[in-house]
Amino acid sequence: MKQLLSSRARRVVAAVAIAGVAAGGAVTANAAASKPSATQFKLFPNTAVQNCVAAPGKTPIANVTVHRGHLNDTLTLHVANLKPHLAFDLFTVEKTPQLADGSPNPNFGGNFGFAWYQSDLETNAKGQGDVTIKTILLDQIFGFDASRGVTPVNTFNVGFWFNRPADAAACGFTGTTPFNGEHNAGPLAMISRLNAQTQLGPLCTSPVSDGNGAFHCNP
């Protein structure tokens, strides 16, 4: 019976085969093997609503760990020092409003771009919470819509939004955003930042330079 391989597995097998045929293929094999098996990064608060996210006198913490898998990846998010009993919605998104140093991203334009709803997140009585998702994440996460002429778009950033707009009202938020299942969520609470060199989100672990100062992700 012919064995089926995932796209990830096929790339690794192909790289090894090329390396066995020609010495020049060793670069390809090494590139495939050099991708990290896991990555860690932090999410940072939306300063406009930080006082509605953080427990009084505390600095909000959101740590993400992603383990690369054979068929898909596993992301674990741990939050602490948040207000108790808050509900959030976790997304992967194309754009983030924050550069690596926390300053405003000039290319953001008030638009998160493509966004994928991944999970709910809730804090307990101590203001802590954990969530785990399994899906394609590292280097390959994307969406497209051929019927609308939208070519593949990567969503290399991770963030979570208030599920209830009222939880951010004390910070001046009014209205709603589409970032929950009912499309009546609150504002962004915390999100990843861009890499200082590549200007890509942290779910890209294999950036490639185009030679002119820009980078794309090697899938």
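Each value in this text was obtained by applying a stated rule to the coordinates, not by laboratory testing. As the structure is a computational prediction, the values presented were derived from the model and not from experiment. All Cβ positions, glycine included, derive from the backbone under ideal geometry; neighbour counts span all protein chains shown.
A Cβ-based charge dipole, computed about the Cα centre of the range 72-186 with Lys and Arg at +1 and Asp and Glu at -1, lands at about 160 debye. Applying 0.36 nm per residue to the separation of T174 and Q199 and subtracting their alpha-carbon distance, the gain on full extension is 5.9 nm. Listed by chain and number, the lysines whose alpha-carbon sits under 17 Å from that of K126, ignoring those within fewer than 8 places in the same chain, are K58, K83. Each semi-axis of the equivalent ellipsoid for the range 136-219 is √(5λ) with λ an eigenvalue of the Cα gyration tensor; in descending order they amount to 30, 17, 11 Å. Per the Debye calculation on the range 37-217 with a single equal scatterer at every Cα and no solvent contribution, log₁₀ I(q)/I(0) for q = 0.11, 0.13, 0.19 Å⁻¹ amounts to -0.46, -0.65, -1.36. Need the C-alpha centroid separation for the range 37-111 versus the range 186-219, integer Å. Each part reduced to its Cα centre gives a spacing of 14 Å.
Cross-link reach is defined here as a Cα-Cα straight distance under 20 Å, omitting same-chain residues fewer than 8 places apart; for K35 the aspartates and glutamates meeting it are D73, D139, D210.
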